[in-house]
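The structure appears right after this line, and notes come after that.
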Amino acid sequence: KQWYQRRVAITAGRNYKNPIKDAYPSIWSVKAMIRRMLTEREVVLYCDLHGHSRKMNVFMYGCENKEPSLRLQERVFPNMMSRNTSKFKYSSCRFKVKKKKVPTATLR
């Protein structure tokens, strides 16, 4: 268990909330780019694709919208992706936010 805890601590995806520029330059750069874009326009979609080596497919984590009238909003793009390529599996997507995902890009 100690190895896992150390491994999680250095995983880039889990250091999205407060990335250190030198340690996680790609995450720091993406966040800086989004901040610049927000000064000019609204960002309507941030897509973080994930691959699954055993299932040989691609999927997304989506945010959980508790508002019933907006509940399906974050499911539209993954649904369109699954209809356009056999490599993307909507059934592998997850839209329920677990506590361990809070510091990741999934929720930002």
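So which residues in region 29-57 are surrounded by 11 or more Cβ atoms within 10 Å (Cβ to Cβ), in a helix (DSSP H, G or I) and among the basic types (K, R), if there are any at all?
K31 - this is the single residue of region 29-57 that is surrounded by 11 or more Cβ atoms within 10 Å (Cβ to Cβ), in a helix (DSSP H, G or I) and among the basic types (K, R).
Looking only at region 73-86, count how many residues are touching a helix residue (DSSP H, G or I) at 6+ places or on another chain (Cβ under 9 Å) and hydrophobic (A, V, I, L, M, F, W, C).
1
I'd like to know if region 58-69 contains one or more residues that are at pLDDT 85 or above, surrounded by 11 or more Cβ atoms within 10 Å (Cβ to Cβ) and assigned to a helix (DSSP H, G or I).
For region 58-69, residues at pLDDT 85 or above, surrounded by 11 or more Cβ atoms within 10 Å (Cβ to Cβ) and assigned to a helix (DSSP H, G or I): absent.
For R83, indicate whether it is of a type in the set (D, E, K, R), in a helix (DSSP H, G or I) and surrounded by fewer than 11 Cβ atoms within 10 Å (Cβ to Cβ).
Against the criterion (of a type in the set (D, E, K, R), in a helix (DSSP H, G or I) and surrounded by fewer than 11 Cβ atoms within 10 Å (Cβ to Cβ)), R83 qualifies.
The values are calculated or read from the model by the stated rules, or taken from the named source; none is laboratory data. Quick caveat, the model's predicted, so the values are computed rather than measured. Every residue, glycine among them, receives a Cβ derived from its backbone with ideal geometry; neighbour counts consider all protein chains shown.
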